[in-house]
Amino acid sequence: MRSIGDLAPGTDARTVVLVEGPSDRAALETLAARRGRDLDAEGVRVVAMGGATNIGHFLDHFGPAGRGLRLAGLYDEAEEGFFRRGLERCGFGVDLSRADLTALGFHVCVADLEDELIRAVGVAGVRAVLAAEGELRSFDLFQRQPAQRGRAVEAQLRRFLGTRSGRKSAYARLLVAALEPDRVPRSLDAVLAGV
């Protein structure tokens with residue numbers, strides 16, 4: 001992982017959106033571009049932290065005790081505790097609920113970003129994207145593996161997206177590009193609306 005100095009936004013940054021990884025960043029930046037927004041020009045930087053466990057370090061660097069920038073974020077449901085504890089430790093509140101996190105600009109993906117995108121695009125839509133990328137045959141073979149048999153196709157798709165380095169980020173862009181405007185996952189929509 002790069003050092004936090006490498007990830008530091010420019011001096012013109014006013015807001016930092018903290019996300020767990022590069023696929024989250026790719027999805028947000030793609031959705032912003034689809035909506036005609038230039039986040040860099042707006043002073044918004046999306047920073048991939050290399051995992052939810054790093055939240056405290058990034059809050060210290062960018063938050064009130066560090067650069068004093070406005071903060072927002074996107075996190076997976078299973079990682080909510082890391083975000084809650086990090087925000088509480090940095091003085092954003094005590095016994096924060098999910099509603100409190102949302103009010104602070106931190107939005108949950110249920111269960112994770114890939115799950116939300118697969119549900120929003122739909123199985124047929126995701127299969128069409130896979131086909132356009134020349135990976136439908138690979139996915140069909142993947143579905144036949146013993147560990148995948150009997151699993152819901154949505155779970156198979158989710159697992160498939162994480163089987164090769166860079167695939168999650170590539171498909172985050174592609175699936176966001178394939179979304180119908182009224183099918184954007186609430187978490188992505190809310191983060192962009194708030195920054």
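The values are calculated or read from the model by the stated rules, or taken from the named source; none is laboratory data. From a predicted model like this one, the values you see are computed outputs, not experimental measurements. Note: ideal-geometry Cβ built from the backbone for every residue, glycine included; neighbour counts use all protein chains shown. In case anyone asks, the SASA skips ligands and DNA or RNA and just uses the protein heavy atoms, side chains included. Shrake-Rupley method; radii C 1.70, N 1.55, O 1.52, S 1.80 Å.
Annotations
- Hey, Gly93 on the phi > 0 side of the Ramachandran plot, exposed (fewer than 14 other Cβ atoms within 10 Å of the Cβ) and not in a helix (DSSP H, G or I) or not: no
- So Ala177, is it at negative phi, open to solvent by less than 50 Å² (accessible area, probe 1.4 Å) and among the aliphatic types (A, V, I, L, M): no
- Applying the set (1) open to solvent by 50 Å² or more (accessible area, probe 1.4 Å); (2) farther than 17 Å from Pro22 by Cα; (3) part of a helix (DSSP H, G or I) to Pro146 leaves exactly one unmet item: (3).
- Lone unmet requirement of (1) in contact (Cβ under 8 Å) with a residue 24 or more places away in the chain; (2) farther than 15 Å from Arg35 by Cβ; (3) open to solvent by 20 Å² or more (accessible area, probe 1.4 Å); (4) not β-branched (Val, Ile, Thr) for Ala172: (3)
- Picking from residues in segment 37-56 that are within 17 Å of Glu20 (Cβ to Cβ) and out of contact with any Gly (no Cβ under 8 Å at 6 or more places or on another chain), the one that is surrounded by the most Cβ atoms within 10 Å (Cβ to Cβ) is Val46.
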